[in-house]
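Taking it in order: structure first as structure tokens, then the write-up.
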């Protein structure tokens, strides 16, 4: 299913540093953005669901995409454990 482009929204915000001025804040719904990206066949070959840890030769960790962060691996492990637990419960 191909979802349409997310709709841009705008609202005016005030900052504490400049209380007499307002600034436009443009934003999109992150759920709509995710649906668009995941549902668009043009991006199929560019989506990465596998967590990875990349290191330079000097053993410094490199963070470049969400998949290289710790949270991606933690979520993958958590979801896998939950899935396996659910399988064990249904096989009783």
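Values in this text are rule-based calculations from the coordinates and carry no lab data. Owing to the predicted nature of the structure, the values given are computational and were not obtained by experimental measurement. Methodologically, a virtual Cβ is constructed for each residue, glycine included, from the backbone with ideal geometry; neighbour enumeration extends over all protein chains shown.
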Review point. Assuming R0 = 30 Å, what is the FRET efficiency of residue 50 and residue 27, from their Cβ-Cβ distance, to the nearest 0.05?
Key: 0.55
Practice item. Would you work out if the stretch 48-92 is rounded, prolate or oblate? Take a ≥ b ≥ c from the square roots of the eigenvalues of the alpha-carbon gyration tensor; rounded if a/c is under 1.5, else prolate when a/b is larger than b/c, oblate otherwise. Key: prolate
**Study point:** Crossing angle, helix 70-90 versus the chain [Cα axis fit, 0-90 degrees, rounded to tens]
**Key:** 50 degrees
**Study point:** Structure-based [θ]222 nm, the chain - -39500 (n - 2.57) summed over DSSP H runs of at least 4, per residue, nearest 500
**Key:** -11000 deg cm²/dmol
Check your understanding: Helix 30-39 sits at what angle to the longest principal axis of the chain, using alpha carbons and giving 0 to 90 degrees rounded to 10?
Key -> 50 degrees
Review point. Over the stretch 48-92, what is the mean sequence separation of C-alpha contacts under 8 Å (at least six apart), divided by residue count, expressed as relative contact order in percent?
Key: 29 percent
Point to revise | Kirkwood Rh, Cα atoms: Rg over Rh of the chain | key: 1.15
Check your understanding: Put a dot 7 Å past each Cα toward the Cβ at residue 79 and residue 15; how far apart are the dots in nm?
Key -> 3.7 nm
**Study point:** Gained length - residue 64 relative to residue 35, 0.36 nm times residue gap less alpha-carbon distance
**Key:** 8.2 nm
Study note, to complete from the structure: When 20, 48 are ranked with the fewest other C-beta atoms within 10 Å first, the list becomes 20, 48
Review point. So what is the relative contact order of the chain, in percent, for Cα pairs below 8 Å that sit 6 or more residues apart?
Key: 19 percent
